[in-house]
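Encoded as structure tokens, the structure appears first; notes follow it.
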Amino acid sequence: MSHVCAQSLPHRFRHRAMAAGVLLALLSLSACRTYRVDSVVDAPDANPGDHVCARAVAPGSEAGSPGGLCTLRAAVMESNASVWRDTIEVPAGLYRLTIPLNAGGGGLHITDGVKIQGAGAAGTIIDGNRLDSVIYVDHEGLELNHVTVQGGLQQFGGGLRLNAGTSELSNLILRDNEAFTGGGGLLVADGAVGKLRRSTVTENHAVGAFGGGIQNKGELWVYDTTISGNESNRAGGIRNEGQLNLRNVTISGNVASSPEAGTGGISQNGFAVLNNVTITDNTGVGNNAASFRGGGIQVVAGKTTVVKNSIIAGNHGGIGPNDCDGSLSGDSKYNLIGDTNGCTIPLYVSTFVLNADPQLGALAANGGPTTTHMPTAASPAIEVAYQFPPPAVDACEAMDQRGVPRPQGNGHCDMGAAERTSLNVFITGFMLVDAATNTDLIPLLHGDRLVLSSLPAQLSIRAVVSGAAGSVRFGYDSTPAIQTENVAPYALAGDTAGDYMPFSFNKGTHTVTATPFASSGGAGAAGGSLSISIVVE
């Protein structure tokens, strides 16, 4: 059995198999399947459970239907019929769901753990066509990478609805989804766990109270992500009623549309930890202390809300507090609060920058996969966050939202999601290379599979760089500096004037990181890094 299949065996079967002494070697590679979608048509599977992704087609209609047999819905149905954690590969295209809910269609219903791997969020688009939640997960969890989810419409969770399990969501765009009550873009239900990374949640709506962008009732971790331009009657960006952890997150331009009461950025009604978060330019209304109010963040009395190394400023509260309403928890430190009216800051107030303009630029593409607010050179948020790096308890995130290592400058990182650097260079991708012929093979995305038996014998990976770097340093798995390249092309195993040295890939899951620097040998100011995990089989 392959290493990947062994890891993918559901826990409820894995421990039983081991307890019974079943030899894992008997579980053949064929048990874990990869379904490759080759049709944008929305059609069900002809025979779920036969391990063949083939759409059902009405008699006599095949000649008039587009080519390709494996539809996205058919692949999901086959995966649901399996006990294995299968993979569904979805190439670029618009996958519009057209089968009504009352005809057995609606959204894509995940009832068994699965990985759905797109070809890039800009090109792989799953459109719910206002039929239902676009994707909803009822068991074991979902790994979803490199897709856009749009056009969802439901009572709760218009785009993604996580009802159970642990889901890993990476490099997504969640846009233009709607939920009547809450969670326009994303809903995490009680008992479910969601981890959202390097993504954009934008232009989603909730007619009701509970989160135009996101509603969390379970456990939600958000990394390196922008939540912007979402709208709800009561809570524009996020409504939290569970456990929320935000790391390197920008919350900007979200709106509460009620004429009487509403919070623009975050309505905090659970447990929350925010580190290196920027909350700005959100709009709320109303000044009813017993209801939603404030522009940036509202904290309900008695709820733990730890905020560190963050910026809450430049929000608009109507007749309520502009930036912060309620009490931050006692261990909150090193934050900039633009307007302290309505905000209680206990204990470590001396570490705060209060009633100051952070002097942020507009929400813009400042490098990396998501938009950010870059502090200007004169910003009071620069180099005033915590001094000591991880694992210090108050440390800034090791890299900013764009992948820039912290700290840059004189030893203190910057408050907020974006770290100012003098080097405008970013790693924008990775390319798999045939090291024998020195030719590019395919771009590599986070979550991609490399099947060694179908590839050339000598391989390497080069970093795709935007801008002029003095050097690029590679990390591989637990080795942070396995190779430093001073001259392009920048390759994982090195090269001589483009003559690539092969790299030895072992089977398993591996992490590749590349970081650009201004000077040779990995010295000087750093630009934006990129890290991906790939599966080698």
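Of the residues in the range 104-116, not one is assigned to a loop (DSSP other than H, G, I, E, B), of a type in the set (D, E, K, R) and at pLDDT 95 or above.
Could you check Gly475 against (1) surrounded by fewer than 20 Cβ atoms within 10 Å (Cβ to Cβ); (2) touching a residue at least 60 places away in the same chain (Cβ under 8 Å); (3) under 21 Å from Arg197 (Cα atoms) and say which number it fails? Answer for Gly475: the failing condition is (2). Residues in the range 119-132 that are crowded, with 22+ Cβ neighbours inside 10 Å and in contact (Cβ under 8 Å) with a residue 40 or more places away in the chain: 3 in all. Residues considered: Ile442, Ile382. Of these, the only one that is hydrophobic (A, V, I, L, M, F, W, C), open to solvent by 10 Å² or more (accessible area, probe 1.4 Å), more than 22 Å from Ile482 (Cα to Cα) and not in a loop (DSSP other than H, G, I, E, B) is Ile442. Counting only residues that are assigned to a loop (DSSP other than H, G, I, E, B), without any contact (Cβ under 8 Å) to a residue 24 or more places away in the chain and not polar (S, T, N, Q), the range 478-509 holds 4 of them. Meeting the requirement of 2 or more residues that are open to solvent by 50 Å² or more (accessible area, probe 1.4 Å), modelled with pLDDT of 95 or more and not aromatic (Phe, Trp, Tyr), the strands (runs of 3 or more DSSP E) wholly within the range 138-234 are 153-156, 166-170, 193-197. Within the range 385-419, work out how many residues are closer than 22 Å to Thr280 by Cβ, under 22 Å from the mean Cα position of the chain (by Cα) and part of a loop (DSSP other than H, G, I, E, B). Of the residues in the range 385-419, 13 are closer than 22 Å to Thr280 by Cβ, under 22 Å from the mean Cα position of the chain (by Cα) and part of a loop (DSSP other than H, G, I, E, B).
A quick yes/no check of all residues on (1) out of contact with any Lys or Arg (no Cβ under 6 Å at 6 or more places or on another chain); (2) hydrophobic (A, V, I, L, M, F, W, C); (3) surrounded by 19 or more Cβ atoms within 10 Å (Cβ to Cβ):
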{"site": "Ile461", "(1), (2), (3)": "yes, yes, yes"}
{"site": "Met501", "(1), (2), (3)": "yes, yes, no"}
{"site": "Lys507", "(1), (2), (3)": "yes, no, no"}
{"site": "Gly527", "(1), (2), (3)": "yes, no, yes"}
{"site": "Leu530", "(1), (2), (3)": "yes, yes, yes"}
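Listed conditions (1) surrounded by 22 or more Cβ atoms within 10 Å (Cβ to Cβ); (2) under 24 Å from the mean Cα position of the chain (by Cα) are all met by Asn424, apart from (1).
For the list (1) of a type outside the set (Lys, Arg); (2) open to solvent by 20 Å² or more (accessible area, probe 1.4 Å); (3) assigned to a loop (DSSP other than H, G, I, E, B); (4) at negative phi, I need the number of the one condition that Gly302 fails. Among (1) of a type outside the set (Lys, Arg); (2) open to solvent by 20 Å² or more (accessible area, probe 1.4 Å); (3) assigned to a loop (DSSP other than H, G, I, E, B); (4) at negative phi, the lone unmet condition for Gly302 is (4). Only one entry of Val433, Val404 meets the criterion of being of a type in the set (A, V, I, L, M, F, W, C), in contact with an Asp or Glu (Cβ under 8 Å, 6 or more places away or on another chain), open to solvent by less than 40 Å² (accessible area, probe 1.4 Å) and closer than 17 Å to Thr371 by Cα, and that entry is Val404. Screening Leu9, Leu24 for residues that are exposed (fewer than 13 other Cβ atoms within 10 Å of the Cβ), touching a Leu at 6+ places or on another chain (Cβ under 9 Å) and either among the β-branched types (Val, Ile, Thr) or at pLDDT below 90 (or both) leaves exactly one candidate, Leu24. Of all residues in the range 207-238, those that are of a type in the set (Gly, Ala, Ser) and at positive phi total 2. Of all residues in the range 322-360, which are of a type outside the set (Gly, Ala, Ser), assigned to a helix (DSSP H, G or I) and open to solvent by 40 Å² or more (accessible area, probe 1.4 Å)? Of everything in the range 322-360, just one residue is of a type outside the set (Gly, Ala, Ser), assigned to a helix (DSSP H, G or I) and open to solvent by 40 Å² or more (accessible area, probe 1.4 Å), namely Val349. Has the range 336-352 got any residue that is modelled with pLDDT of 95 or more and within 24 Å of Lys195 (Cα to Cα)? No; the residues of the range 336-352 include none that is modelled with pLDDT of 95 or more and within 24 Å of Lys195 (Cα to Cα). When you look at Thr496, is it modelled with pLDDT under 95 and over 30 Å from Tyr334 (Cα atoms), yes or no? Yes.
Would you call Thr278 part of a loop (DSSP other than H, G, I, E, B), at pLDDT 95 or above and closer than 23 Å to Val384 by Cβ? Considered against the rule, which asks whether it is part of a loop (DSSP other than H, G, I, E, B), at pLDDT 95 or above and closer than 23 Å to Val384 by Cβ, Thr278 comes out as no.
Is it the case, given these coordinates, that Asp190 is of a type in the set (D, E, K, R), out of contact with any helix residue (DSSP H, G or I) (no Cβ under 7 Å at 6 or more places or on another chain) and within 21 Å of Asn282 (Cα to Cα)? So Asp190 does not fit the description; no.
Among residues of the range 516-537 that are closer than 30 Å to Ser454 by Cβ, those with a beta-carbon under 7 Å from a residue that is basic (Lys, Arg) at least six positions away or on a different chain give the pairs Val535/Arg449; Val536/Lys507; Glu537/Arg449; Glu537/Lys507.
Selection of the range 424-439 for residues being part of a loop (DSSP other than H, G, I, E, B) and within 18 Å of Met501 (Cα to Cα) yields Ala435, Ala436, Thr437, Asn438. When Glu260 is tested against the conditions (1) under 25 Å from Gln401 (Cα atoms); (2) of a type in the set (D, E, K, R); (3) surrounded by fewer than 21 Cβ atoms within 10 Å (Cβ to Cβ), the lone failure is (1). Looking only at the range 235-257, how many residues end up being among the polar types (S, T, N, Q), assigned to a strand (DSSP E or B) and open to solvent by less than 10 Å² (accessible area, probe 1.4 Å)? Looking only at that region, the number is 4. Within the range 90-111, the set of residues being under 22 Å from the mean Cα position of the chain (by Cα) and buried (at least 22 other Cβ atoms within 10 Å of the Cβ) comprises Val90, Tyr95, Gly107, Leu108, Ile110.
The values are calculated or read from the model by the stated rules, or taken from the named source; none is laboratory data. What you see is a predicted model; the values in this text were computed from it and never measured. Cβ sites come from the backbone with ideal geometry, for glycine too, and all protein chains shown count toward neighbours. Note: accessible area is taken over every heavy atom of the protein model, side chains too, but ligands, DNA and RNA are not part of it. Shrake-Rupley method; radii C 1.70, N 1.55, O 1.52, S 1.80 Å.
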